[in-house]
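The numbers here are math on the coordinates, done by the rules we state, and not lab data. Keep in mind that what you see is a predicted model, and the values were worked out from it rather than measured. Cβ atoms come from the backbone with ideal geometry, glycine included; neighbour counts cover every protein chain shown.
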Amino acid sequence: MTMVDRLGSEERAAAALVCAPGMQPARVRELVSRAGSPGRALARLEERVDEGQLGELLARRRTRVYVEGRPGYPIADALPERPAVLLAEGDAPQVLDRPRVAVVGTRSATLHGLRDAHELGKFLAEAGITVVSGLAIGIDGAAHNGALDVEGGGVVGVVATGLDVVYPRRHAALFDRVRRAGLLVSESAFGAQPTRWRFPVRNRIIAALADAVVVVEATIAGGARITAGFALEYGRTVLAVPGSRRNAAAAGCNALLADGAHPLLDPNDVLVAVGLTPGARRGWGAPAARGQPTGDAAALLRACGGEPATADQLASRTGLAPDQVALAARELEKGGWLARDRGYLWPR
Amino acid sequence: MLGSVRSATLTGVDGQPVTVEVHIAAGLPGYHVVGLPDAAVRESQARVRAALLSSELEWPKTRVTVNLAPGGVRKTGAGLELAVALGVMLAGDQLPAGALEGIGVLGELGLDGAVRPVPGALALVDALARSGAGVVVVPEANAIEAALIDGVEVRTARSLGELRACLKGEADWPSCPELPSESDDHPTDEDPLDLAEVRGLAHARRALEAAAAGAHHLLLTGPPGVGKTMLARRLATILPPLEAAEALEVTRIHSAAGRPLPSRRLIEQRPFRAPHHTASVPALVGGGSGRPRPGEVTLAHRGALFLDELGEFPPSALDALRQPLEDRAVHIARSGVSLHFPADFQLVACSNPCPCGRGGPTCACSEVQRARYRRRLSAPLLDRFDLRLPVRGPEPADGPGEASAGVRDRVAAAVERQRCRYADWPWRRNAHIPAGALARLVPLDGDAEEAWRWLIDDRGLTGRGAARVRRVARTLADLDGATVVSDAHVLSAALLRDDVP
């Protein structure tokens with residue numbers, strides 16, 4: 001029962017307010033603003049949950065409750081839209097005390113985007129920065145995983161559902177990892193389902209929690225651009241990884257760059273953005289020093305021009321016979337210069 | 001008062017001998033057919049009677065009973081009419097007894113007594129020959145086809161009156177029609193297809209060549225308009241010719257299905273069937289209401305079945321393909337009959353990689369949409385493709401490719417190599433090597449073994465995928481004229497079997 005004891009009465013009231021029947025985040029915001037505090041807002045509420053049962057649930061789940069204006073509440077700026085109450089669960093709440101960078105992007109990411117997100121998550125975690133993201137398929141998941149692959153790497157996963165709902169189901173294992181090494185955060189009541197409107201609303205928390213937002217890959221109409229929009233509104237630095245005009249998953253990033261976002265060419269730029277001193281080494285995990293490919297392999301890699309290509313295209317561009325392409329592709333794959341995905345050869 | 005004539009009927013694509021017995025006895029005039037006739041057979045009375053009267057022969061003014069034996073087999077089509085007419089003549093003493101001893105009869109009758117051709121003559125004559133008939137009388141239009149069967153003498157019938165005269169020995173048999181010369185084969189109106197029209201696409205062309213040589217199933221994925229269909233259709237131009245036994249088999253099937261045969265009687269080209277994606281399940285795999293008919297998979301026997309826009313076919317139709325793909329035959333069970341349709345075809349399919357059609361790096365679909373599209377195609381079906389690869393349009397600098405003729409020669413040589421290698425085995429092509437025999441029949445030497453291990457250990461190739469890669473590697477080696485499979489063959493084979501999509 002120590003956790004419940006640690007939750008003050010205001011925190012318990014805040015949790016009860018969030019979990020009240022039919023309650024929505026926007027209404028919590030409104031009620032708390034009008035009443036002055038969650039406790040007073042709850043007192044005016046007619047329909048409430050059984051607070052004893054809720055207390056037991058919070059104790060069993062070891063849920064933390066962050067209330068606006070109280071110690072520990074993680075969003076320092078007085079943003080008008082910031083959630084009045086945040087529920088959080090996880091074994092490492094101290095990750096909120098570090099600098100926080102959001103790494104976000106599309107669910108339909110390319111292999112290159114996934115790699116960038118993973119490497120960036122890893123780089124930031126190694127620099128002692130907490131990676132904030134939304135636990136979605138694609139870029140979000142890759143960034144989380146990258147940070148979690150670092151010993152002691154900190155992550156915050158902001159979910160659009162209740163904390164007891166795992167969505168997407170495929171990320172159940174990732175949810176467990178985040179709980180062990182970081183924090184899951186939500187502004188919604190337990191049991192809140194992944195309805196469509198919750199996601200863009202959730203994205204403002206990601207932007208609010210982060211000191212800087214990095215968009216790795218985003219489609220033109222994707223949720224990552226919504227996050228970036230909130231971030232600009234909140235005065236956060238927005239960085240975007242530039243991509244080819246032919247890559248549909250880079251169109252959103254390029255649009256952000258055109259609108260004045262910082263191009264992310266080196267992960268050290270992120271450190272500068274959050275006021276840290278950049279490290280000496282170049283950030284992107286460069287292929288280990290194995291020398292350069294030679295002969296056919298070198299020609300094949302050159303023919304890619306940094307873009308994914310089919311074996312047919314490479315054969316046409318290099319004039320190599322199919323067998324030679326196959327042999328050279330293996331050499332490049334073994335050396336880590338090339339990977340295969342969805343029928344294409346992707347240079348690193 | 002009793003006449004008995006041998007004839008045959010079709011069940012599925014096989015012939016079944018039938019004895020037509022006609023009994024004429026005193027009683028009220030009437031006509032009864034017993035022995036599981038279908039509607040066409042039951043209707044025969046009108047035609048037989050009219051044909052007899054038109055030929056200045058008699059129709060008995062008493063009771064006529066026709067029995068079709070064996071009684072348990074359903075008789076279909078009008079091909080038994082000539083036999084019924086001759087039976088009536090025998091029973092009515094209009095023909096000498098014994099005139100039809102050892103003679104099988106096929107043919108449909110016109111009201112004027114003309115003898116009309118029947119579908120499936122090849123299978124029917126074959127059935128008659130195997131049942132011991134030394135001579136068959138067939139309609140003139142079926143004579144060339146019937147002559148393909150060894151060990152049986154073919155006589156042609158043009159009309160009932162003439163046939164009676166011949167059987168009585170009053171006239172000579174009309175001579176068999178001449179085999180048209182090769183130059184009589186009119187070229188089709190369409191422009192002949194040729195692989196030379198396909199620019200670039202080195203790997204896709206190689207996959208097509210391997211598919212033709214090793215009878216591997218091939219799946220091409222790519223955005224609309226890059227030439228998947230163009231490439232796939234040109235498979236027909238490089239398929240190896242049918243072997244003699246295969247040609248007979250294919251001709252039998254197409255004859256039984258009532259499809260027009262080439263003027264030079266035997267089908268020598270491998271069939272290339274391309275049903276539209278609205279095809280029903282029975283149209284694809286066979287069956288259907290009434291007389292079970294062979295489906296597209298059977299018409300594609302020993303050839304290729306081309307399914308364009310695989311994702312547009314109803315899932316039920318694609319699921320129905322799985323069993324024929326596995327067994328290379330279709331079994332249709334009905335109350336009373338169990339039919340076996342051969343279906344040893346190779347499947348060639350084209351598909352968009354995802355709902356937006358672009359695939360690869362420019363794809364705008366979400367992971368979820370792609371997964372849903374993949375589910376439509378069903379993993380077990382996709383797994384059966386030995387060759388599957390993405391197709392992108394040609395590069396700007398690509399020139400015209402190698403013409404079909406050269407490729408066809410390599411394919412024919414590779415097929416010949418396989419025929420020699422598998423002389424002692426029940427299969428003929430690399431695609432059909434059972435997984436258990438792969439290690440023995442497709443040994444891998446040092447470098448190839450290493451490449452193979454790399455694919456399995458580092459690239460995560462599954463056991464079944466590895467077996468398919470090994471078969472294709474063997475085909476690539478055969479195309480190169482190599483006795484030993486090299487690492488380049490193994491790696492190329494793996495490159496031609498990509499994850500989808």
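Out of all DSSP beta bridges with both ends in chain A, state the antiparallel percent to the nearest 5.
Beta bridges within chain A, antiparallel portion: roughly 40 percent.
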**Study point:** Residue-wise HN-Hα coupling along the range B:165-178, computed from phi with Karplus coefficients 6.51, -1.76, 1.60 (Hz; x: Gly, Pro)
**Key:** 4, 5, 5, 7, x, 8, 9, 7, 5, x, 6, 5, x, 6
Study note, to complete from the structure: Filtered hits (lysines, Cα-Cα < 25 Å from B:LYS61, offset >= 8 within chain) -> B:LYS168
Practice item. Would you list the P(r) distribution for chain A, with all Cα-Cα distances sorted into 20 Å bins from 0 and each bin expressed as a whole %? Key: 30, 50, 17, 3
Check your understanding: Any idea how far apart B:GLU449 and A:THR277 come out in nm if each label point goes 7 Å out from Cα toward Cβ?
Key -> 5.7 nm
Review point. In degrees between 0 and 90, to the nearest 10, how far off the longest principal axis of chain B does helix B:44-54 point, with axes built from Cα atoms?
Key: 50 degrees
Review point. Which three lengths, in whole Å and largest first, does the range B:76-120 cover when its Cα atoms are put on their principal axes?
Key: 29, 24, 16
Revision key, fill the gap. Percent antiparallel among DSSP beta bridges confined to the protein assembly as shown, rounded to 5, stands at 45 percent
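Would you mind estimating how fast the range B:388-501 diffuses translationally, via Stokes-Einstein at 4 °C and 1.567 mPa s with the Kirkwood radius over Cα pairs, in µm²/s?
Reported coefficient: 85 µm²/s.
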Point to revise | Values of log10 I(q)/I(0), in the order q = 0.17 Å⁻¹, for the range B:1-96 under a Debye, Cα-only, solvent-free model | key: -0.66
Point to revise | Kirkwood Rh in Å, taken over the range A:203-348 so that all alpha-carbon pairs contribute | key: 17.3 Å
Exercise for review: Principal axes first, then extents: for the Cα atoms of the range B:2-167, list largest minus smallest coordinate on each axis, whole Å, largest first.
Suggested key: 44, 34, 26
Check your understanding: Helix-derived [θ] at 222 nm for the protein assembly as shown: sum -39500 (n - 2.57) over DSSP H runs of at least 4, divide by residue count, nearest 500?
Key -> -11000 deg cm²/dmol
Check your understanding: Given q = 0.06 Å⁻¹, what are the Debye log10 I(q)/I(0) values for chain B, with equal point scatterers placed on the Cα positions and solvent ignored?
Key -> -0.37
Check your understanding: What's the extension gain from B:THR362 to B:ALA46 if we count 0.36 nm per residue and subtract their Cα-Cα distance?
Key -> 106.9 nm
Review point. If you plug each phi of the range B:272-283 into the Karplus form 6.51 cos²θ - 1.76 cosθ + 1.60 with θ = phi - 60°, what whole-Hz ³J(HN,Hα) values come out, in order, with x for Gly and Pro?
Key: 10, 9, 9, x, 6, 6, 8, 4, 7, 4, x, 5
**Study point:** All aspartates and glutamates inside 19 Å of B:LYS75 as judged from Cα atoms, apart from same-chain residues fewer than 8 positions distant
**Key:** B:ASP14, B:GLU21, B:ASP38, B:GLU43, B:GLU108, B:ASP126
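Find how much the distance from B:ASP424 to B:SER378 grows on full extension, using 0.36 nm per residue of separation minus their present alpha carbon separation; answer in nm with one decimal. Show your work: numbers first, answer last.
On the way: separation 46, 0.36 × 46 = 16.56 nm, distance 3.56 nm.
Extra length from B:ASP424 to B:SER378 when fully extended: 13.0 nm.
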**Study point:** Total formal charge among the other residues, if their Cβ is under 15 angstrom from that of B:SER289, Lys/Arg +1 and Asp/Glu -1
**Key:** +3
Practice item. Note the angle between two axes, namely the Cα long axis of helix B:446-457 and the longest principal axis of the Cα atoms of chain B, as a number of degrees from 0 to 90, rounded to the nearest 10. Key: 90 degrees
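How much length, in nm to one decimal, is gained on full extension between A:GLU56 and A:GLN24, taken as 0.36 nm per residue of separation minus their Cα-Cα distance? Working shown, then result.
Values: separation 32, 0.36 × 32 = 11.52 nm, distance 2.23 nm.
Taking 0.36 nm per residue and subtracting the Cα distance, the gain is 9.3 nm.
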Point to revise | Normalised per residue, the volume of the convex hull around the Cα set of the range B:40-79 (Å³) | key: 81 Å³
Check your understanding: Which residues does a label at A:ARG169 reach in the range B:373-395, if reach means a backbone N under 18 Å from a point 7 Å past the Cα toward the Cβ?
Key -> B:373-376, B:379
Review point. When all C-alpha to C-alpha distances in the range B:248-337 are sorted into bins of 10 Å, what percent of pairs does each bin hold, rounded to whole numbers?
Key: 16, 48, 30, 6
Study note, to complete from the structure: Cα pairs beyond 18 Å in the range A:171-257, in percent, come to 54 percent
Review point. Using just the C-alpha positions of the range A:1-51 as equal point scatterers, what log10 of I(q)/I(0) does the Debye formula give at each q in 0.23 1/Å?
Key: -0.80
Study note, to complete from the structure: quick shape note, the range A:111-251: Cα extents on principal axes in Å, largest first -> 41, 35, 29
Point to revise | Stokes-Einstein D for the range A:1-97, Kirkwood Rh over Cα pairs, 20 °C, 1.002 mPa s (µm²/s) | key: 157 µm²/s
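Among DSSP bridges having both ends in the range B:243-353, what percentage is antiparallel? Round to the nearest 5.
On the way: 6 of 12 bridges.
Antiparallel bridges make up about 50 percent of those DSSP assigns within the range B:243-353.
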Review point. Using the Kirkwood formula over every pair of different C-alpha atoms, what hydrodynamic radius in Å results for the range B:265-403?
Key: 16.9 Å
Check your understanding: Counting other Cβ atoms within 10 Å of each Cβ, which trypsin sites (Lys or Arg not before Pro) in the range B:1-69 have at most 16 and sit in a DSSP loop?
Key -> B:LYS61
Exercise for review: Taking only the C-alpha atoms, wrap a convex hull around the protein assembly as shown and report its volume per residue in Å³ as a whole number.
Suggested key: 220 Å³
Review point. Could you give the angle, 0 to 90 degrees to the nearest 10, between helix B:367-377's Cα long axis and the longest principal axis of the Cα atoms of chain B?
Key: 30 degrees
